[in-house]
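Heads up: the structure comes next, in structure tokens.
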Amino acid sequence: MKIDRKMLFKNSNQLILESFSNEQNYLDLINKKKYSSDEALEILENIDWDFKSFSTQYLTHTFHPYPARFIPQIPLTFIKLFTKERERVLDPMCGCGTTLVEAFLNDRNSIGNDLNPLAALIAKVKTTLIKKDEFKYLNEKLIKMKKYLDLDYRNIDRTINGLPNRKVSKIFNKTIISKLEIIRETLIEIKEEGYYDLFDLGRIALSSTIWSLVENGNGINVDELFIKKIKSMQQILSQMSKVIKDPPDVKVICGDARNLSIENNSIDLIITSPPYVNALDYYRVHMYNMLWLGMDFDLFRKHEIGGHSHFINNRFRLLSEYLGDMLRSMIEMNRVLKRDKFCVIVVGNSSLEYELIESHKFFTEMAKKIGFIPIKTIFRNIDKTRKYTSADIGKIDEEYIVVMQKKEETHIFANDDNFVSQIVKELMLHFKEQIKNNPGTSTRGKKPSNERLLKNIDKISEAIEKIPEDIRIKE
Ligand SMILES: C[S@@+](CC[C@H](N)C(=O)[O-])C[C@H]1O[C@@H](n2cnc3c(N)ncnc32)[C@H](O)[C@@H]1O
């Protein structure tokens, strides 16, 4: 089946691709023919990876906000150049499913994995088409809900337990809570009546509405916002259904990238963007939505890669923990990927204690130890309007695309603590030498004293000692 992307775009009324000649040239290039791997690798050189002013918010990509997602053109390029129709693409840390949506629109089967249950749900909803008669049922349900809301919500006296902080308690006043409860009850009825895909769609609409309440504060019309959100999702999915008659397979797993529930040698392309070390606690960002959806975020919080709420006194211990987690994840990527196929990891630099952390270089070194050949690393600027800021790192305005090829089986297991310890130790020792020779590689504003920088060497030494303890997977 061939999907006419242009038709989808035109139908969506969001943008007319032809008006962007760069974008059109880019699409012409990746759609021109089926490229061999060698040709595809050459084409990578001809692409302007900044994708400046390209449209990134189209179709189901608009369903739900998600921090630090990558722009669709990154997975799209690799999917188009390195796979054929119905081959299987994996994103082991799929976030809100950008890779999956692009695979879906381009007739590739896909698997998405993420430990965050909200991410997994968003990814699933963005790649699930819904039948016309199901939408008819949903619309009737919403009309009933609205009538009930208009009549009754003032008389409903409800309390909500366990709202995480005062700011949120303020936003969620009694009226809003009552309205949200009615929406939630309607969704439960939908589930009980057997419309599971609609239930999930409704939960994502609710979550997106709650997100905008927390962001914008004013939520008195929460029911109208919710209904508006559902309608716009419905419109998009209906457009997609008209064009995608025989959808490719999509599987979404809520699981740990360090232990994938996926068969050996079954994947044709991996494309993913892992968390950065010390950049963002995903569980914090999603706390409110998850709470309202009744999702348990404790498990996610415990096993989240790159989270920074611990090792406060020695941030370099975060680094070895992160490297251990990423090494385990990359061993898993190697295990599930077919031989000679490509694995692409997109990551930016971080900063710890005034030192620059070039994660892509660590990944390239790790790749060589576990059966991958690093092929190339592509640098790209992130569009000014899309930069995101981290409290610890500041503005993140560039990232690296690491392209690797699987040459052999690893014969190493992701749960081999001794191996992970040994590789992380090698990497950390090398890092320590670099810092000794050139301290303060990431100083913004006032330069710290030499004394302060020298302390980093001691901290790195301590982190190296603690590696066997710090890389262990938490119980
Ligand atoms: C940079 S985001 C990915 C964004 C994604 N590319 C997108 O466009 O939405 C990194 C993701 O890694 C996930 N993650 C963190 N720890 C994980 C783990 N142990 N296993 C699987 N996913 C994990 C986070 O939940 C987050 O969604």
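The values are calculated or read from the model by the stated rules, or taken from the named source; none is laboratory data. Quick caveat, the model's predicted, so the values are computed rather than measured. All Cβ positions, even for glycine, are placed from backbone atoms using ideal geometry, and neighbour counts span all protein chains on display. What goes into the accessible areas is simple: the full protein's heavy atoms, side chains included, and nothing from ligands, DNA or RNA. Shrake-Rupley method; radii C 1.70, N 1.55, O 1.52, S 1.80 Å.
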task: Kindly indicate whether R166 is at pLDDT below 95 and open to solvent by 10 Å² or more (accessible area, probe 1.4 Å).
output: yes
- prompt: Restricted to the range 176-223, and to residues that are assigned to a loop (DSSP other than H, G, I, E, B) and surrounded by 15 or more Cβ atoms within 10 Å (Cβ to Cβ), which residue is modelled with the highest pLDDT?
  reply: Y195
- prompt: Does the range 64-76 contain any residue that is of a type in the set (S, T, Y) and open to solvent by less than 10 Å² (accessible area, probe 1.4 Å)?
  reply: no
query: Which one is surrounded by the fewest Cβ atoms within 10 Å (Cβ to Cβ), of the residues in the range 305-328 that are among the aromatic types (F, W, Y) and under 21 Å from R452 (Cα atoms)?
result: F311
- request: Filter the range 276-304 for residues that are surrounded by 23 or more Cβ atoms within 10 Å (Cβ to Cβ), assigned to a loop (DSSP other than H, G, I, E, B) and within 8 Å of the ligand (Cβ to nearest atom) and give the result.
  value: Y276
- prompt: Just wondering, is there one or more residues in the range 46-56 that are part of a loop (DSSP other than H, G, I, E, B), within 12 Å of the ligand (Cβ to nearest atom) and over 14 Å from the mean Cα position of the chain (by Cα)?
  reply: yes
- prompt: Taking the range 47-61 only, how many residues are modelled with pLDDT of 90 or more and open to solvent by 40 Å² or more (accessible area, probe 1.4 Å)?
  reply: 3
message: Quick check on the range 73-80. Is at least one of its residues in contact with a Phe, Trp or Tyr (Cβ under 7 Å, 6 or more places away or on another chain), assigned by TED's automatic domain parsing to the domain that holds I401 and within 12 Å of the ligand (Cβ to nearest atom)?
response: yes
